[in-house]
Amino acid sequence: MANTARLLASLGQLIKARLTHTAKEQKLAGQERRLIQEMGRVLPKIGYRLVSVNVRANTRGGAPAKRSALPRTLKCPKCDRRFSLQMHVARHLSAMHGTKGTGRRKTKPAKS
């Protein structure tokens, strides 16, 4: 009988600990949801967006979800390519035209 009482007491403690952990897990999940919602509002303002890592939840038939494209308003100064972000223009200039950016370089004064 003593073993049974100890076993029941241990089981009761285990159930209580499990309920405590479940409550903490739910609280953390709520905090995580609120944080993700806030980031979802802030990140698009600076050119980023959140995308779910659970691809199946956001797609149909396993195909990736279609992105809404940003307008391509920035033009490469050396060719006709257009880009939506300045960092993409700089990357294109570096890779395709061998320059680091659109900034002007200082020229040496002509010798007289």
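The values are calculated or read from the model by the stated rules, or taken from the named source; none is laboratory data. What you see is a predicted model; the values in this text were computed from it and never measured. Cβ: placed from backbone, ideal geometry, glycine included. Neighbour counts: every protein chain shown.
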Exercise. Can you name every residue in segment 1-41 that is surrounded by 10 or more Cβ atoms within 10 Å (Cβ to Cβ) and β-branched (V, I, T)?
Worked result: I15, T20, T22, I36
For this session: Could you give me the residue pairs with C-beta distances under 7 Å whose first residue belongs to segment 1-26 and is modelled with pLDDT under 90, whose second residue is in a helix (DSSP H, G or I) wherever it lies, and which are 6+ apart or on separate chains?
Result: none
Problem set entry | Enumeration of residues in segment 73-89 that are in contact with a Phe, Trp or Tyr (Cβ under 9 Å, 6 or more places away or on another chain) and surrounded by 13 or more Cβ atoms within 10 Å (Cβ to Cβ) | L74, C76, V89
